[in-house]
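The values are calculated or read from the model by the stated rules, or taken from the named source; none is laboratory data. Bear in mind the structure is a predicted one, so any value in this text is a computation, not a measurement. Positions of Cβ are backbone-derived with ideal geometry, glycine not excepted, and every protein chain shown enters the neighbour counts. Remember, those area values only see protein heavy atoms, side chains included, never the ligands or the DNA or RNA. Shrake-Rupley method; radii C 1.70, N 1.55, O 1.52, S 1.80 Å.
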Amino acid sequence: MKILVIEDDPTVGQFVKRGLEEQRWVVDLVADGESGERAAASGAYDVVILDMRLPGKNGIDVLHSLRSRGFERPVLVLTAQDAVDAKVTTLRTGADDYVTKPFAFEELLARVEALARRPRALASPRLHVADLVLDQNTREVQRDGERIELTPKEYAVLEYLMRHAGRVMSRTLITEYAWGYHFDPGTNIVDVVINHLRKKIDAGQRQKLIHTVRGVGYVVKA
């Protein structure tokens, strides 16, 4: 799962980012409203955590703009305002939930997990390509019944490719999903991780599942 945190306070932002990354999730941190809105609108995130007080464009305006453009991903709001009317306004604008500052990370985590389950409630959390299975709830990967241990980045790349099984995904799209909105697209890190995945998933198998499309990117298919 990939989470976008839009928070201008570096202490709070890094605290939330580190805590979520310890859960083996991919997390991007953006410090202003306009950049956060652009990142969220890219569609690369499963959950957005949005602070209300942001430089440039405040959180309520970002939320309103995203919802008016048809943005459907869950949004969890961070607010320092404890007044009931402020919370009601936030929810009516389109927030799925909110946490009042200061907050315990355990509460934030529980609310993020609850929101993350919503979009998948009607779909199986298990992704299948041939005999390769990825469980998005447990983060376990198996091929032919044998469990495969992956690093967080390897898991993120494989999850992204399996979500789009049969479609060729460019290196840029893979990079933005697994490493972040501002990651240098000139690096060869995607190729390195793909090679690691091939060794773990395709080595010794008659049927190869990870394929290269020269000049375009990668695809997972039977």
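Summary of values
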{"quantity": "Extension gain from Q14 to H164, taking 0.36 nm per residue of separation minus the Cα-Cα distance", "calculated": "51.0 nm"}
{"quantity": "Cubic angstrom per residue, convex hull over Cα atoms of segment 126-220", "calculated": "93"}
{"quantity": "Antiparallel bridge percentage (DSSP; both residues within the chain; nearest 5)", "calculated": "50"}
{"quantity": "Separation of alpha-carbon centers, segment 138-217 and segment 12-47, rounded to whole Å", "calculated": "21"}
{"quantity": "Kirkwood hydrodynamic radius (C-alpha pairs) into Stokes-Einstein, segment 58-172, 25 °C and 0.890 mPa s, D in µm²/s", "calculated": "145"}
{"quantity": "Candidate residues E113, E159: accessible-area rank, largest first, probe 1.4 Å", "calculated": "E113, E159"}
{"quantity": "Mean residue ellipticity (222 nm) of the chain, computed from DSSP H runs ≥ 4 via -39,500 (n - 2.57), nearest 500", "calculated": "-12000 deg cm²/dmol"}
{"quantity": "Those lysines that a straight Cα-Cα span of less than 21 Å connects to K57, excepting residues fewer than 8 apart in one chain", "calculated": "K87, K101"}
{"quantity": "Point-to-point label distance, A222-Q207, nm (Cα→Cβ direction, 7 Å offset)", "calculated": "0.5"}
{"quantity": "Options T138, V168, L158, ranked by Cα towards positive dipole end of the chain, top entry (Cβ charges)", "calculated": "V168"}
{"quantity": "Computed E for D61/N195 - FRET, C-beta separation, R0 45 angstrom, nearest 0.05", "calculated": "0.55"}
{"quantity": "Average accessible surface area per residue within segment 126-220, 1.4 Å rolling probe, Å²", "calculated": "52"}
{"quantity": "Degrees separating the helix 152-163 axis from the principal Cα axis of the chain, which is the longest one", "calculated": "80"}
